[in-house]
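What follows is a set of notes on a single structure, which appears directly below.
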Amino acid sequence: MDRIAPLKLRWWCEARVDIMSRYSNDTLQAIRRAGCAMIFFGAESGSNWVLQEMQKGITVEETEIMARRTREVGIIPEFSFVIGNPSDAERDTAETLRFIRKLKRINPASEIIMQHYTPTPQRGSMYGNLDGKIAFPDSPAEWASKEWLDFTLRIDTHASWLKPRTKKLIDNFEMVVASRWPTVQDIRAPRWSRAFLKVLSAWRYALRIYAFPFELQLAHRFIDLRKPKRESL
């Protein structure tokens, strides 16, 4: 890291919360001095039972540790979540949304990426038991249809286990959080646009009112912020 620091680079990387949570303070500070501005972490869920089912090998406590430690050294953490586990989508959603709010209290600079649970066509999927819950296409032509293209891009998974109201809650919560803390990854966005979105969404986040965020949807039509989730697919 000491050899990178003189180059004065500004860079982003991916890491695991379980591994980095064991790094010493000196190591984390060296990474920051070397120019690391942001680290992507696959937090996946706010529930340990879901993480165990996913076989991720991490815990929510380790994610909390990294939220706190990145704040201490001045690195922005980017936490990605896969929400709507087929075992109990409603419980997973409720617990993960509460956990995201907790991460924001620990480190308000945390960037949040939220994905609907999107299974892969393989046996023994790490993301839960899917027996009898979904039938994948059996031809390239069907995979190329709009329905399955939206599925692959996580735009709409048509998950039978995810109730419409739960899916809407996830989408609305994401809109409120993205407005309350506009991503810092878009350096083109003027300062006024970020301030406007923060003010417009502050009451919703404070009061936990996520339903029908029409004013935020309209604002985002005119304020075209970069969408880290879409660009990470």
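The values are calculated or read from the model by the stated rules, or taken from the named source; none is laboratory data. The shown structure was predicted, so the numbers you read here are calculated from the model rather than taken from an experiment. A quick note on method: Cβ atoms are made from the backbone with ideal geometry, for glycine too, and the neighbour counts reach across all protein chains shown.
Observations, loosely collected:
- Taken over region 187-198, residues that are outside any helix (DSSP H, G or I) and either farther than 14 Å from ILE223 by Cβ or among the charged types (D, E, K, R) (or both) amount to 2.
- Failed item in (1) at pLDDT below 95; (2) assigned to a strand (DSSP E or B), with GLN52 passing the rest: (2)
- The residues in region 135-186 that are polar (S, T, N, Q), within 23 Å of ALA211 (Cβ to Cβ) and not in a loop (DSSP other than H, G, I, E, B) can be counted, and the count is 3.
- Test: residue in region 200-211 that is small (Gly, Ala, Ser), under 25 Å from ARG101 (Cα atoms) and assigned to a loop (DSSP other than H, G, I, E, B): yes
- A Cβ distance below 8 Å, combined with a sequence gap of six or more or placement on separate chains, defines the contacts here; from region 1-21, residues that are outside any loop (DSSP other than H, G, I, E, B) reach residues that are among the polar types (S, T, N, Q) in the pairs VAL17/THR63; ASP18/THR59.
- Residue in region 55-78 that is part of a helix (DSSP H, G or I), over 21 Å from ILE106 (Cα atoms), in contact (Cβ under 8 Å) with a residue 40 or more places away in the chain and of a type in the set (Val, Ile, Thr) present: no
- Residue in region 135-178 that is farthest from PHE79 (Cα to Cα), counting only those that are of a type in the set (A, V, I, L, M, F, W, C), surrounded by fewer than 14 Cβ atoms within 10 Å (Cβ to Cβ) and modelled with pLDDT of 80 or more: ALA141
- Residues satisfying the stated conditions in region 189-216, i.e. surrounded by fewer than 13 Cβ atoms within 10 Å (Cβ to Cβ) and either touching a strand residue (DSSP E or B) at 6+ places or on another chain (Cβ under 6 Å) or in contact (Cβ under 8 Å) with a residue 12 or more places away in the chain (or both): ALA211, PHE212, GLU215
- Candidate set from region 152-188 (those that are more than 21 Å from THR96 (Cβ to Cβ) and without any contact (Cβ under 8 Å) to a residue 40 or more places away in the chain); member that is farthest from the chain's Cα centre (by Cα): ARG188
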